[in-house]
Structures are given as C-alpha cells and as structure tokens.
Amino acid sequence: MEVVKNLNVERYMGRWYEIASFPSRFQPKDGVDTRATYSLNPDGTIHVLNETWSGGKRGYIEGTAYKADPNSDEAKLKVKFYVPPFLPIIPVTGDYWVLHIDPDYQYALIGQPSRNYLWILCRQPRLDDDTYNQLVEKAKEVGYDVSKLHKTPHSESPPEGDNAPTDSKGVWWLKSIFGR
C-alpha cells in the first residue's frame, strides 16, 4: 500500500474533522462532532488530541505520534495512547498511514496496513460529495472494504471543548470496550 511521501508535517498540524471512518471499539457508536487536533511537540513528535461527543458529553484521549522510521520519507506514523483515559497506564500503539492528502492539505485519507481502520478527514466538518467519493474510490483501490465506512454526524456549529460537560470517568471508553 503506497503512502504519501515527503508529508509536510507543519502543514498537517491543526484540527481535522472525521468525515467518515470504520467503526472502532475505541470510539462510541453514537459519537458526533468527532475530530483530531495535532500540534508539534518540541522534540519533533506530534501531540494528538482526539475528541468526540456522546450523550452530550465530551470524551477525549491524548496521545503522541511519531515517524515509524525516522529515516524514511514515507508518511507512516505510529500513534501511542495510554488507556483507559481516566487512568492512563497501559500504552497502546497503532499505525497511522497517510494514504492521500490534497495539495492544499484540506482533506486526507488515513489507513493502516491491516486495513482494519480507515478515516476520511477534512479541515471542515463537511466534505463535498465528489471529493468524498474520490477518497472512497482511492481506499477501495488499495483493498479496503469501503462498505464498512460510516459517516460521522457533525452539528451546524461544532462544539468547543469547554462548551460541553466532560466524561471524566471514561464511561464512553468503557462502553466502547463492550461494543456499546
């Protein structure tokens, strides 16, 4: 599976909205306004903040991304989170491969080698149908079962972190473990 080469990491930083993804046990099934915010750490790694709203409450998890092979020009990253989010003690590492990004860094297709996870991301909470369908086609071409893609609902005015109560107990995370 080919990935983007020479990704401009600085341009990639900022907020990305999840337009669609394969359902994952790591996210609540009723999650809305799901997004990721990336910022560069002083050591060259990337701070990752993943947020979603479920039942009116903000659930989030923070992690760190880094190049899988620092000597490669390929956009193959590793992302490490500590779980559970309410008592982060167990490290969980996954692959984050940038399969496609447009020249203006406005939308991206993210996957990983097992093809069990797939994300369509955009700088805005909505993506036009033509672009969405082109990204779905690219995923299909590299062997993804795109019938599993689920569009992520976004409100007209996506909430900011302070505008909703936070799920400080990690209830969404516990429910997701049990497939709810």
For residue 5, what charge total do you get from the other residues with a beta carbon under 13 Å from its beta carbon, if Lys and Arg give +1 and Asp and Glu give -1? -2
Under 28 Å from the Cα of residue 5, which lysines turn up, not counting those fewer than eight places away in the same chain? 67, 76, 78, 80, 138, 140, 148, 151
Taking the chain and counting helices only, DSSP H stretches of n ≥ 4 at -39,500 (n - 2.57) each over all residues, the nearest-500 ellipticity at 222 nm comes to -3500 deg cm²/dmol
Total formal charge among the other residues, if their Cβ is under 15 angstrom from that of residue 38, Lys/Arg +1 and Asp/Glu -1: +2
Cβ crowding within 10 Å averaged over residues, with 78-84, 118-124 ranked highest first: 118-124, 78-84
P(r) weight above 25 Å for region 10-157, C-alpha pairs, percent: 25
Vicinal HN-Hα couplings computed from phi for region 20-26 (Karplus, 6.51 cos²θ - 1.76 cosθ + 1.60; Hz; Gly/Pro x): 7, 7, 6, x, 9, 5, 8
Total charge of the residues flanking residue 149 in space, meaning their Cβ is under 15 Å from its Cβ, with Lys and Arg +1 and Asp and Glu -1, is +1
Rounded if a/c is under 1.5, else prolate if a/b beats b/c, else oblate: with a ≥ b ≥ c from the C-alpha gyration tensor eigenvalues square-rooted, which is region 84-163? oblate
Straight-line reach only, C-alpha to C-alpha below 19 angstrom: list the lysines that residue 57 could link to, leaving out same-chain residues fewer than 8 apart. 29, 169, 175
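Where a number appears in this text, it was derived from the coordinates with a stated rule and is not lab data. If you're wondering where the values come from, they're calculated on a predicted model, not measured in any experiment. All Cβ positions, even for glycine, are placed from backbone atoms using ideal geometry, and neighbour counts span all protein chains on display.
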